[in-house]
Amino acid sequence: MTKLVGGTGAGSVSYMKYEWVRDQKAEHAWMEDANGKVTEVYIKIGDREWIWMAGMGWIEQPPQTTPTTSTLPSDVVSQIKQVQQDVENSTARFDKKGTETVNNVRCMRYEFEYDLTTEFPNLATGGTAKTDSHSSGEVWIADQSGLPAVIVKSKSTTEMTMTGEKTVIDSEQNLTDIGANITINPPEGAMQIPTGTTTLP
């Protein structure tokens with residue numbers, strides 16, 4: 001769950017939901033608005049990817065020649081990793097608070113707070129712009145036999161300031177139904193984008 005609580009678009013809420021099946025190497029993700037309306041759907045099975053968008057239906061994506069990576073940290077996990085990799089430009093505090101059971105998993109709870117300065121793409125003018133962010137919240141990490149130390153739940157508030165404009169985002173992430181019997185199937189009737197080389201006369 002991502003909620004804009006301050007800045008442009010304040011009050012808007014969106015939900016990104018995922019299913020992941022290790023044995024299939026498959027992912028199924030979909031985005032919902034505050035009313036539960038699905039606005040985008042993604043499916044990935046092995047090296048094949050499909051996207052569904054309202055008004056367009058299913059489209060199979062051409063094979064990726066290079067891995068796709070996002071330049072914006074979309075959740076607390078990627079933010080924490082960025083802090084760990086960029087120690088010079090960040091100040092961080094992580095405090096262990098004890099054991100709790102969350103989403104039916106025994107977890108260790110931590111409180112965290114950090115500041116981070118990064119260069120983000122400036123969509124308005126091109127190039128990049130310096131962004132100062134302050135994040136705080138709680139994270140519950142699996143501490144149970146038979147499970148890796150994955151994040152089971154997180155709650156955070158991030159204040160970002162770029163080019164004088166401040167944005168405040170509340171986020172919550174939950175991992176549930178570990179070990180559920182899930183099968184992800186390719187969509188039917190997907191349109192394929194032609195690939196190849198065109199030679200002009």
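The values are calculated or read from the model by the stated rules, or taken from the named source; none is laboratory data. The shown structure was predicted, so the numbers you read here are calculated from the model rather than taken from an experiment. For neighbour counting, all protein chains shown are included, and Cβ atoms are generated from backbone atoms with ideal geometry for every residue, glycine included. Calculation scope for accessible area: heavy atoms of the full protein, side chains included, ligands and nucleic acids excluded. Shrake-Rupley method; radii C 1.70, N 1.55, O 1.52, S 1.80 Å.
Would the range 146-160 turn up any residue that is touching a residue at least 60 places away in the same chain (Cβ under 8 Å), open to solvent by 80 Å² or more (accessible area, probe 1.4 Å) and of a type outside the set (Gly, Ala, Ser)? No, every residue in the range 146-160 fails to be touching a residue at least 60 places away in the same chain (Cβ under 8 Å), open to solvent by 80 Å² or more (accessible area, probe 1.4 Å) and of a type outside the set (Gly, Ala, Ser). For Ile184, the conditions (1) open to solvent by less than 50 Å² (accessible area, probe 1.4 Å); (2) part of a strand (DSSP E or B); (3) not acidic (Asp, Glu) all hold with the exception of (2). Does Val102 qualify as being touching a residue at least 60 places away in the same chain (Cβ under 8 Å), more than 22 Å from Lys166 (Cβ to Cβ), among the β-branched types (Val, Ile, Thr) and touching a Phe, Trp or Tyr at 6+ places or on another chain (Cβ under 8 Å)? Taking the combined requirement at face value, the residue does not satisfy it. Tell me, yes or no, whether the range 112-133 has at least one residue that is open to solvent by 70 Å² or more (accessible area, probe 1.4 Å), part of a helix (DSSP H, G or I) and at pLDDT below 95. Checked against the condition, which is being open to solvent by 70 Å² or more (accessible area, probe 1.4 Å), part of a helix (DSSP H, G or I) and at pLDDT below 95, the range 112-133 yields no hits at all. The residue that is farthest from Asn104 (Cα to Cα), counting only those in the range 161-174 that are open to solvent by 70 Å² or more (accessible area, probe 1.4 Å) and either without any contact (Cβ under 8 Å) to a residue 12 or more places away in the chain or under 17 Å from the mean Cα position of the chain (by Cα) (or both), is Gly164. In this structure, does Asp177 turn out to be open to solvent by 40 Å² or more (accessible area, probe 1.4 Å), within 27 Å of Asn103 (Cα to Cα) and without any contact (Cβ under 8 Å) to a residue 24 or more places away in the chain? For Asp177, the condition - open to solvent by 40 Å² or more (accessible area, probe 1.4 Å), within 27 Å of Asn103 (Cα to Cα) and without any contact (Cβ under 8 Å) to a residue 24 or more places away in the chain - is met.
Exactly one residue out of Tyr18, Tyr42 is under 15 Å from the mean Cα position of the chain (by Cα), at pLDDT 85 or above and loosely packed, with under 15 Cβ neighbours inside 10 Å: that is Tyr18. Residues that are assigned to a strand (DSSP E or B), modelled with pLDDT of 90 or more and touching a Cys at 6+ places or on another chain (Cβ under 9 Å) do occur in the range 153-170, at least one of them. Taken over the range 1-36, the residue count meeting the criterion of being more than 20 Å from Asn185 (Cβ to Cβ) and in a loop (DSSP other than H, G, I, E, B) is 10.
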